[in-house]
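Each value in this text was obtained by applying a stated rule to the coordinates, not by laboratory testing. If you're wondering where the values come from, they're calculated on a predicted model, not measured in any experiment. Cβ sites come from the backbone with ideal geometry, for glycine too, and all protein chains shown count toward neighbours.
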Amino acid sequence: MLKFSQIKDIGSPDFKAALDIYAEAFPANERHPLNIIKDRVKKGLNIAYVGRLNNKVVFMALLWPLKNTKFVLLDYMATSSRQRGKNIGSQFMQEMRDSLEKDGKHFIMEIENPEFGDNREEREKRVAFYRKNGAKALKSVRYILPALQRSKPTEMILMIFPPYKDEKIGVSVVKKLITQIYKELYNRSAKDIFKYTPLFATNSKIETV
């Protein structure tokens, strides 16, 4: 039986298993060093979840509640390579949906843009996975993941889950979210942020598709 639960003890075998899945699933340019992940979970900045199947950790997720907002960054989510294809990630998304809707909150997610990079098929599958589970992409917003661990920046798509109100989100909200993500997670200054993000009229809205 699959069961998801929050994990706080960074010294536990389950947390170590979660970090092993994390290291296996994400390339270096998208990963934070493990000591940073441990420190963030210990301080309560990242909320760590694991999924257990037959008492074995087969799934991990890291959430980052953005301060003073109703948005939570789905920072990382991955299933053990031996357990992929069993809808484990989908089950986590739907379990989280109930909690998010109850609290009036939304996930915001950074997903690799299939238009860039060599692994186009893999990226398209990832976008399709989130769409299948009800996520919507922010239309015409260029978003770049800053380079992590001395590698290159990555072109990303920002997605929202569950869908946002009338499927439009104010530009001021988007700018605030991007600013917070850059500052809180990546320790980047404001000048680094909007050289990547187009400027919009402050009273306009961005469609989700």
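Considering only residues that are in a helix (DSSP H, G or I) and of a type in the set (Phe, Trp, Tyr), look in region 15-32 and name the one that is farthest from Asn187 (Cα to Cα).
Phe15
Looking for something in contact with a Ser or Thr (Cβ under 6 Å, 6 or more places away or on another chain), over 21 Å from Ile108 (Cβ atoms) and not in a loop (DSSP other than H, G, I, E, B) - is there at least one such residue anywhere in region 33-53?
Checked region 33-53: no residue is in contact with a Ser or Thr (Cβ under 6 Å, 6 or more places away or on another chain), over 21 Å from Ile108 (Cβ atoms) and not in a loop (DSSP other than H, G, I, E, B).
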